[in-house]
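**Student:** Pasting in a structure now, in structure tokens, and then I'll have a few things to ask.
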Amino acid sequence: MPICIACAHSFGITKEDEVFYTKLSIPSPVLCPDCRRQRRLAFRNERALYSRACDLCKKTTVSFYSSAYRGSVYCQTCWWSDGWDPFAHGKEMDFSRPFFDQFKELSRSVPHIAIFNTNSENSEFTAHSSRNKNCYLCVSALSNEECYYGFQITECTDVCDAAFARGSSKSYELVDCEQMYNSVWCQKSSNCTDAQFLYDCHGCNNCCLSVNLKNKEYCFMNEQLSQEAYKKKINTLRLSSFESVEKIKKEFADYVRAKAQHRFAAQTKCEDSTGDYLFNCMRAKQCFDARNLEDCKYIIVSPGPTKDSYDVNYAVFGAELFCEVLSTVDPCMSQQFCEYSWASSYLQYCSYVMNSENCFGCAGMRKAKFCILNKQYSESEYYQLRGAIIEHMKKTDEYGQFFPASLSPFGYNETVANDEWPLTKEIAPGKGFHWSDEVAGRYDAPSRDWSGVADDISQAEESLCREVFSCIECKKNFRILKQEFEWYKKMNVPLPRRCFDCRHRARMHMRNPRKLWERHCMCGHAGHGHGERCDVFFETSYSPDRPEKIFCEQCYQRETE
């Protein structure tokens, strides 16, 4: 087994993997899957947003890049315009130098787009998002309206503080939920209405503090009650009180661990696949938060459809023959070692290349063809030079590697990589990552202390929107927006005492890690069609040292029917 050159851990390369790499004529990886993903994600900033002047029109814009970034940054309008020429930054390949050194010079000279936020209305502070209206601080959000502080939310309306939510409305603190209405603090649930604190419940109305329910009504802590008795129970919870909700959160988390029956993986309409949160996948291995995959491996956070691809993050609306690719939009074919290159095919080592094909080592190109390092070539010249560069990169041990972390324009602490693999300022540079001292956020003394704020939302005054508070966890300053305050009032939920980042991290920590362990079904009910112990083994994101009861698909369905 090969040894990862970054973490020194061994990792497997199967015969199927070798067939895939041979098909693309690229070398087998020298980094393990986790280190490969960490390196890619060090190029993706999602929530560190800054105010910065566009270097072309000089107007102030919301930007991924702080003032410390020395390259040019254009607002969205200017970047997509004809006001600048990517070819003006073209370079001749110098075969006496490493390719990545030359690409770094090119990528730093080409203007970067300030933020990805397309076809949206009144949603300036949304990132990597599209088709949103009246949304604020939503990331990877698509076709939402009146939503705040969301991550990976799609077609939601009037939803606040949610992660991986689809088709929901008038709801709060959802994690991995679909088609929820007027529901708060729910996880892994779908098609529920007027619900509070549900885990893995489906088709339920007026249910609270319950797990594994299906098509139930008026259940409290999994006990069936009359409508009158249920309402009395609900009224005792004081869900408008911050202190009361914090206590219920902890108690419900303990209740879930003790009482819930857990599927080995959240997979729907999947065949011969391993991973978690998968939908309509076939022969997808070690994939997470993905839909519509076929013959894929190591795909994470991608709605697809994606086919015959490895090591991809955030592929939206179609990809095929991808390897080591970060963030694409629109159908694309055959990209390797690329980032943020939309509606483009037959690319290698490209960054922010749009609506193009047959490009190598290009940055910021639009509608280009047969280009290398932003210079135009004839078709025959292109293939000849491309082949020569690949041979050169093989000699310098560069070919087959994603861009090195040193090429990322972001500090490690600004990126998604730091969410999954937290590093300190002292350790990150030793691993090849930058560090930013400009990370968005201030830690000044607040103008108002939380001890003087009413615990119950019913007693909170709108004047609080003029105050600056400190997060009770990280101590970072934050404000309560007026529309946000009105939303909490409408939903009758308490004001948050934690900043957006801490709330996001808390929701993500409610989800399992993107790792797999081989385990044995824990079912011991002989009536489930097996002996004293189910003999099914599976790969699951529940580690062996966790206390939850984990079941194969068949036993889970029987346990929860």
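No value in this document is a laboratory result; all are computed from the given coordinates. None of these values were measured; they are calculated from a predicted model. Cβ atoms come from the backbone with ideal geometry, glycine included; neighbour counts cover every protein chain shown.
**Student:** Of all the helices (runs of 4 or more DSSP H) wholly in the range 32-112, which have at least 1 residues that are farther than 20 Å from Cys362 by Cβ?
**Tutor:** Correct list: 33-41, 76-80.
**Student:** Right, something else. Just one of Arg533, Arg497 is loosely packed, with under 14 Cβ neighbours inside 10 Å, assigned to a loop (DSSP other than H, G, I, E, B) and not aliphatic (A, V, I, L, M); which is it?
**Tutor:** The match here is Arg533.
**Student:** Could you please give the count of residues in the range 368-412 that are at positive phi and free of Cβ contacts under 8 Å to residues at least 24 places away in the same chain?
**Tutor:** Adding up the residues that qualify gives 2.
**Student:** Across the range 128-147, what is the total count of residues that are touching an Asp or Glu at 6+ places or on another chain (Cβ under 6 Å) and part of a strand (DSSP E or B)? Before the answer, list the steps.
**Tutor:** Filtering the range 128-147 down to residues touching an Asp or Glu at 6+ places or on another chain (Cβ under 6 Å) leaves 133-134, 139, 143, 146.
Pick out the ones that are also part of a strand (DSSP E or B) and you get 133, 139.
So the answer is 2.
**Student:** Let me ask something else about it. Can you tell me which residue within the range 454-486, out of those that are touching a Cys at 6+ places or on another chain (Cβ under 6 Å) and assigned to a helix (DSSP H, G or I), is surrounded by the most Cβ atoms within 10 Å (Cβ to Cβ)?
**Tutor:** Looking at residues that are touching a Cys at 6+ places or on another chain (Cβ under 6 Å) and assigned to a helix (DSSP H, G or I), I get Phe485.
**Student:** If Thr306 meets every condition in (1) of a type in the set (Val, Ile, Thr); (2) surrounded by fewer than 22 Cβ atoms within 10 Å (Cβ to Cβ); (3) free of Cβ contacts under 8 Å to residues at least 24 places away in the same chain apart from one, which number is that one?
**Tutor:** All conditions pass for Thr306, except number (2).
**Student:** If I go through the range 419-440 residue by residue, how many of them are without any contact (Cβ under 8 Å) to a residue 60 or more places away in the chain and either touching a strand residue (DSSP E or B) at 6+ places or on another chain (Cβ under 8 Å) or not aromatic (Phe, Trp, Tyr) (or both)? Steps first, please.
**Tutor:** So in the range 419-440, the residues without any contact (Cβ under 8 Å) to a residue 60 or more places away in the chain come out as 422-430, 432, 434-435.
Next, only the ones that are either touching a strand residue (DSSP E or B) at 6+ places or on another chain (Cβ under 8 Å) or not aromatic (Phe, Trp, Tyr) (or both) stay: 422-430, 432, 434.
Count: 11.
**Student:** Among the candidates Glu548, Glu553, which residue alone is in contact with a helix residue (DSSP H, G or I) (Cβ under 9 Å, 6 or more places away or on another chain) and surrounded by 13 or more Cβ atoms within 10 Å (Cβ to Cβ)?
**Tutor:** On the way: Glu553 fails: in contact with a helix residue (DSSP H, G or I) (Cβ under 9 Å, 6 or more places away or on another chain).
None of the others qualify; the one that does is Glu548.
**Student:** Only strands (runs of 3 or more DSSP E) wholly contained in the range 296-359 count here; list those with 2 or more residues that are within 24 Å of Cys270 (Cα to Cα).
**Tutor:** 304-329, 332-339
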